[in-house]
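Down below is the structure, laid out as structure tokens.
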Amino acid sequence: MHRILFLTLAFLLLGLASLTTVRVPVVVNWRFALLAGEFGHGLWLLPAATGLAAYLMRAGHPGMTLATLGLCATAIVLFLKPAFQAAAIARQLPERMRVQLGGEPPARAPFSLAGFFERVPAAVPVRPLQVRADLPMDFYRPAGVPPGGAPCVVVIHGGGWDSGDRHQLPGFNHWLVAQGYAVAAISYRLAPGHPWPAQRDDTLAAIAYLKANATSLGLDPTRIVLLGRSAGGQIAAAVGYAAEDPAIRGVVAMYAPFDMRFVWSISRDDDALNSLKLMRQYLGGPPEGRETVYDTASAQLHVRRGRTPPTLLVHGVIDTLVWHRHSERLAARLAEEAVPHLFLSLPWAVHAVEFNLRGPSGQLTAYALEGFLARVTAP
């Protein structure tokens, strides 16, 4: 009986580990893929222990024992694959940043085994603010604000445009503050009650509020970076590119879409997000008759040589929620217009790559973001 149990467990562990290589099926929660990719450097111990137990209790049924050992060995390799791939990317990343962004990247290593055990930055007090009655903001202020104020990162949450709020991944905001940046995490009005361009208007209102209250908040109103994840990445890029505001020094968009007509063309009711429903809620329906709405929401259409702010794109290759191709297409457009940018493509990763800043995706993202922010917010 125990041999069957070990074999079943080995199958399940291999299935989980395989999510570092293949897109998670629609019927499986995508968070299992996040678990495998960003915590596999610890999860490999489970198939190792299973294989060892199966070997120690191997009397009789050698075929079943060998099968269990083979499955466990494969699972170990797949769980550790992201770490090896991250190490390969890390070897090239500093030079890529020098060439594509200019300036010097951070002096530390982009990825290391020691990084798996780094301490989480201490939390700082969060100050709740109201841009408007319906537009709350959480403000994180760094210690030791320099003369002239700290640069500010405006964080725009994800959630398919119909959910989510400013409380998303607060540990990431505390990490930004530890790097010396003020953070303004905003909530915006949600679809379907408030379709685009309400989200654009809310983001612009938040920026205007930060500029008007820069002195009391201890920030530099001329050094602002928009950072968004998923749906928030679409908002950050669309706003940052169309505004042509010199105070917006850079845009960071993580696993986001940028050409909304293209998004509609590939959306289906039976995909992981029920994308057609989200698009109808957010943009009112198909592109026909709504060309202006679609175009103003599409950052890719607003890329302009010499006017588009430097951009950092981060995307997992096997993301099932937002296709990696969206970031590929924007990166190609940025290259056409000679806009400084860095596209960090992570072969094992899915959504929420920055969820675990000590994982393979988290370490590389933190390194790229640290260098990017230092470059674009330099006085």
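The values are calculated or read from the model by the stated rules, or taken from the named source; none is laboratory data. Owing to the predicted nature of the structure, the values given are computational and were not obtained by experimental measurement. Cβ atoms come from the backbone with ideal geometry, glycine included; neighbour counts cover every protein chain shown.
The sole residue among ALA247, ALA338 that is more than 20 Å from SER163 (Cβ to Cβ), hydrophobic (A, V, I, L, M, F, W, C) and in contact with a strand residue (DSSP E or B) (Cβ under 9 Å, 6 or more places away or on another chain) is ALA247. Which of the residues spanning the stretch 209-232 are surrounded by fewer than 24 Cβ atoms within 10 Å (Cβ to Cβ) and hydroxyl-bearing (Ser, Thr, Tyr)? Listed by number, the residues that qualify are TYR209, THR215, SER216, THR222.
Contact map, the stretch 69-98: first residue among the polar types (S, T, N, Q), second residue at pLDDT 95 or above and assigned to a helix (DSSP H, G or I), Cβ cut-off under 6 Å, separation 6 or more or different chains; pairs are THR74/LEU14.
Here the condition is being charged (D, E, K, R), in contact with a Leu (Cβ under 9 Å, 6 or more places away or on another chain) and crowded, with 17+ Cβ neighbours inside 10 Å; of ARG290, ARG268, it holds for ARG290 alone. Condition check: in contact with a Gly (Cβ under 6 Å, 6 or more places away or on another chain), surrounded by fewer than 24 Cβ atoms within 10 Å (Cβ to Cβ) and more than 30 Å from LEU78 (Cα to Cα). Does ARG375 satisfy that? Against the criterion (in contact with a Gly (Cβ under 6 Å, 6 or more places away or on another chain), surrounded by fewer than 24 Cβ atoms within 10 Å (Cβ to Cβ) and more than 30 Å from LEU78 (Cα to Cα)), ARG375 qualifies. When the stretch 170-198 is filtered for residues that are part of a loop (DSSP other than H, G, I, E, B), buried (at least 20 other Cβ atoms within 10 Å of the Cβ) and either without any contact (Cβ under 8 Å) to a residue 60 or more places away in the chain or not assigned by TED's automatic domain parsing to the domain that holds ALA150 (or both), the ones remaining, listed by number, are SER187, TYR188, LEU190. Yes or no: VAL322 out of contact with any Asp or Glu (no Cβ under 9 Å at 6 or more places or on another chain), of a type in the set (Val, Ile, Thr) and buried (at least 20 other Cβ atoms within 10 Å of the Cβ)? Yes, satisfied.
Count of the stretch 134-162 residues, restricted to those that are modelled with pLDDT of 95 or more, part of a loop (DSSP other than H, G, I, E, B) and hydrophobic (A, V, I, L, M, F, W, C), is 1. Whether a residue is among the polar types (S, T, N, Q), under 22 Å from PRO197 (Cα atoms) and in contact (Cβ under 8 Å) with a residue 24 or more places away in the chain was assessed, and SER163 passes this test.
Restricting VAL28, VAL22 to those that are within 30 Å of PHE117 (Cα to Cα), at pLDDT below 95 and not in a helix (DSSP H, G or I) reduces the list to VAL28.
None of LEU45, LEU52 is under 30 Å from VAL317 (Cα atoms), without any contact (Cβ under 8 Å) to a residue 60 or more places away in the chain, loosely packed, with under 15 Cβ neighbours inside 10 Å and aliphatic (A, V, I, L, M) except LEU45.
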